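First comes the structure, then the notes that go with it.
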Amino acid sequence: MLHAASTKSGAPLPWFYPGYSWSFGTWRGFCSHLTLWIWLFTCTNIIRTNASPSNDVNLLDSRSVMGDLGWIAYPKNGWEEIGEVDENYAPIHTYQVCKVMDQNQNNWLVTSWISNEGASRIFIELKFTLRDCNSLPGGLGTCKETFNVYYFQSNEKDGRNIRENQYVKIDTIAADESFTELDLGDRVMKLNTEVRDVGPLTKKGFYLAFQDVGACIALVSVRVYYKKCTSVVRNLALFPDTITGADSSQLLEVSGKCVNYSVTDESPKMHCSAEGEWLVPIGKCMCQEGYEEKNNTCQRRT
């Protein structure tokens, strides 16, 4: 189960707590302080236990950060961080915004600087919920059902001075499933997952930014990662961990090193795909005289 939630700004208790007086007159308060308690009650354990593929290397996973994420929202009354803990009292970082009644919304949420660790192509996995505009009383015409994702490359942690027009747009994100008030009452989870990739990266790191233009969004988790081909022994040759290339169709040629007590006339090669898979092996190593191949090694004959 989840335990008591509170906003960083000390917002009032959310609408589902005992004693909360509900009326349509309190709708703005509901929009401003909508929490994820009901949704996360359903999905927190699922979110935390989803394992990443072995060839994914996380650069950021908001689910695993114990302290402050260090993200900045502007204007300050836009995106709001909701602090919650799971059944193990581990923090859950979520951000929400629900300014659906006002025109011309432009709310930004900017991450801290993220090192790319030498990767030239990265992936961004977003898990979020989004309110169905048709289910909002009075919100039609101003309510949106999308948000935008941007990035800015930088060698230094200078992102707090970046202007909006310096960010490069990655995509407009829409929900496959949006939720309604009936879903809230039934505690039905409508969690969306979207993945986008960015490349080629040419600097040491980058910032991500999320722009709200008038939607009711809860950003449940953000995971940023790159892919690698994991070290492997093939044909008695060791191929090291290799970061994938910048292009989605690129195959990187990698030379292997013969294992102990093996030799070759020409270095074996394999190709690392953009998805982190080893493909197209060429050549092989052979055990030296007096040794035989066992379990990808060369062992002395007995």
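Being modelled with pLDDT under 75 and among the acidic types (Asp, Glu) is the filter here, so list the residues in the range 168-202 that pass it. Once the filter is applied, which keeps residues that are modelled with pLDDT under 75 and among the acidic types (Asp, Glu), the range 168-202 yields Glu181, Asp183, Asp186. Only residues that are on the phi < 0 side of the Ramachandran plot and outside any loop (DSSP other than H, G, I, E, B) were counted in the range 278-302, giving 14.
For the range 209-225, how many residues are outside any strand (DSSP E or B) and among the hydrophobic types (A, V, I, L, M, F, W, C)? Steps first, answer last, please.
At the first step, the residues of the range 209-225 found to be outside any strand (DSSP E or B) are 213-214.
Subsequent filtering for residues that are among the hydrophobic types (A, V, I, L, M, F, W, C) retains 213.
Total satisfying the criteria: 1.
Applying the condition of being assigned to a loop (DSSP other than H, G, I, E, B) and modelled with pLDDT of 95 or more to the range 236-246 and asking which residue is farthest from Gln103 (Cα to Cα) yields Leu236. Glu275 meets all of the listed conditions (1) without any contact (Cβ under 8 Å) to a residue 24 or more places away in the chain; (2) not in a strand (DSSP E or B) but one, namely (1).
Just to be sure, is Val57 in a loop (DSSP other than H, G, I, E, B) and either more than 20 Å from Thr146 (Cα to Cα) or of a type outside the set (Phe, Trp, Tyr) (or both)?
Details: in a loop (DSSP other than H, G, I, E, B): no; either more than 20 Å from Thr146 (Cα to Cα) or of a type outside the set (Phe, Trp, Tyr) (or both): yes.
In short, no.
Condition check for Asn88 on (1) touching a Cys at 6+ places or on another chain (Cβ under 7 Å); (2) at pLDDT below 85; (3) not small (Gly, Ala, Ser): one failure, at (1). The one condition from (1) hydrophobic (A, V, I, L, M, F, W, C); (2) open to solvent by 40 Å² or more (accessible area, probe 1.4 Å); (3) within 26 Å of Asn161 (Cα to Cα) that Val195 does not meet is (3).
Quickly run through the range 247-267 and pick out the residues that are outside any strand (DSSP E or B) and surrounded by 17 or more Cβ atoms within 10 Å (Cβ to Cβ).
Start the filter on the range 247-267 by keeping residues that are outside any strand (DSSP E or B), which leaves 247-251, 256, 259-261, 264-267.
Answer for the range 247-267, where residues must be outside any strand (DSSP E or B) and surrounded by 17 or more Cβ atoms within 10 Å (Cβ to Cβ): Gly256, Val259, Tyr261.
Rundown of residues vs (1) more than 17 Å from the chain's Cα centre (by Cα); (2) over 17 Å from Ala73 (Cα atoms); (3) touching a residue at least 40 places away in the same chain (Cβ under 8 Å); (4) surrounded by 18 or more Cβ atoms within 10 Å (Cβ to Cβ), yes/no style:
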{"site": "Asn106", "(1), (2), (3), (4)": "yes, no, yes, no"}
{"site": "Ser112", "(1), (2), (3), (4)": "no, no, yes, no"}
{"site": "Ser115", "(1), (2), (3), (4)": "no, yes, yes, no"}
{"site": "Gly118", "(1), (2), (3), (4)": "yes, yes, yes, no"}
{"site": "Ile122", "(1), (2), (3), (4)": "no, yes, yes, yes"}
{"site": "Tyr150", "(1), (2), (3), (4)": "no, no, yes, yes"}
{"site": "Asn155", "(1), (2), (3), (4)": "yes, yes, yes, no"}
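Each residue in the range 227-246 was checked for being open to solvent by less than 30 Å² (accessible area, probe 1.4 Å) and more than 19 Å from Gly118 (Cα to Cα), and 2 of them qualify.
Out of all the residues in the range 272-283, is one or more under 13 Å from Val233 (Cα atoms) and of a type in the set (Phe, Trp, Tyr)? The answer is yes, given that some residue of the range 272-283 is under 13 Å from Val233 (Cα atoms) and of a type in the set (Phe, Trp, Tyr).
One residue stands out among those in the range 203-224 that are β-branched (Val, Ile, Thr) and over 25 Å from Pro53 (Cα atoms): the one that is surrounded by the fewest Cβ atoms within 10 Å (Cβ to Cβ), which is Val213. Evaluating Arg223 against the criteria (1) of a type outside the set (A, V, I, L, M, F, W, C); (2) under 30 Å from Thr142 (Cβ atoms); (3) modelled with pLDDT of 95 or more leaves one unmet condition, (2). Return yes or no: is Val220 hydrophobic (A, V, I, L, M, F, W, C) and within 28 Å of Asn104 (Cβ to Cβ)? Yes, satisfied.
The values are calculated or read from the model by the stated rules, or taken from the named source; none is laboratory data. What you see is a predicted model, and the numbers here were worked out from it, not measured in a lab. Here the Cβ is made from the backbone with ideal geometry for all residues, glycine too, and neighbour counts use every protein chain on show. These area figures cover heavy atoms from the full protein model, side chains too; ligands, DNA and RNA do not enter into them. Shrake-Rupley method; radii C 1.70, N 1.55, O 1.52, S 1.80 Å.
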